[in-house]
Amino acid sequence: MSTEAGAARNGTAPREPVSPPTALNGSTAHDAPPTAAPPTAAADDVEADRREASELGLREILREDFRRHYGSITHPGLHVLAVYRLGQWRHTRRQPLRAAVTVAYKVLNNLVIRNLYGAELSERARLGRRVLIGHHQTILIPPYCEIGDDCTLRHNLTIGYAGGSASPQDVAKVGRRVELAPGVHLLGAITIGDDARIGPGSIVTTDVPTGSTVFAAPARIMKPPTR
């Protein structure tokens, strides 16, 4: 006995086979990729990334710095930042812990970071999160200087004043994701916009717009002397 006859005897009409729905691009629902799960964890991470460096604990921000410096515990740039973060963190502690950490910070900063590593990073400067110090020698970052998140700093970097009579606040403010190549000098109360790139040997004394690239004059090839 067929299925259609049994269905007719029971008083029900036979059901037509249901084909899978067709998408707008011609593929069926079985071919469509599965939908992704709601990004709950990703949303939490994005929200956490909006925090300022001062809002993170010492362990959390050092973990970020460690990952930014290629996961190398021996990277000198990581050591420079670690001592700086320690100097910032100590201001949130109470006595007598604050006094003990202050002694350790000053010894490390003056004897190791400044004299051995050749980097002067003032504790009164403001550095953002995930800053990379690719090469550590000859770096000067004075008080009141501001450097945003995800910036890259190279060696022979000088951030200073345009003149001897300048105010201590007359220093550069660097935005986010800025790349500073070797030999860069940022002088005066200037602003470097987000995503800017400053090329090697550039002396910058004016504001740099967001997303701009700055390069020094190219080298000239001189003809060899005739004999």
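Observations
- Largest-first principal axis extents, alpha carbons of the stretch 59-210, Å: 44, 37, 26
- The stretch between R67 and V101 holds 9.8 nm of extra length on full extension. This uses 0.36 nm per residue minus the Cα-Cα distance.
- Span from the the stretch 207-223 Cα centroid across to the the stretch 150-192 one, whole angstrom: 16
- Sequence ranges 82-88, 201-207, 114-120, ranked by mean other-Cβ count within 10 angstrom, highest first: 82-88, 114-120, 201-207
- The distance between label points at H91 and T138 comes to 3.0 nm (points 7 Å beyond Cα on the Cα→Cβ vector).
- Percent of Cα pairs exceeding the 19 Å cut-off, where the set is the stretch 167-227: 35
- Fraction of C-alpha pairs exceeding 17 angstrom in the stretch 137-186: 32 percent, rounded to a whole number.
Read the figures in this text as sums done on the coordinates, not as results from a lab. Note that the structure is a prediction, hence the values are computed from the model and not measured. Cβ sites come from the backbone with ideal geometry, for glycine too, and all protein chains shown count toward neighbours.
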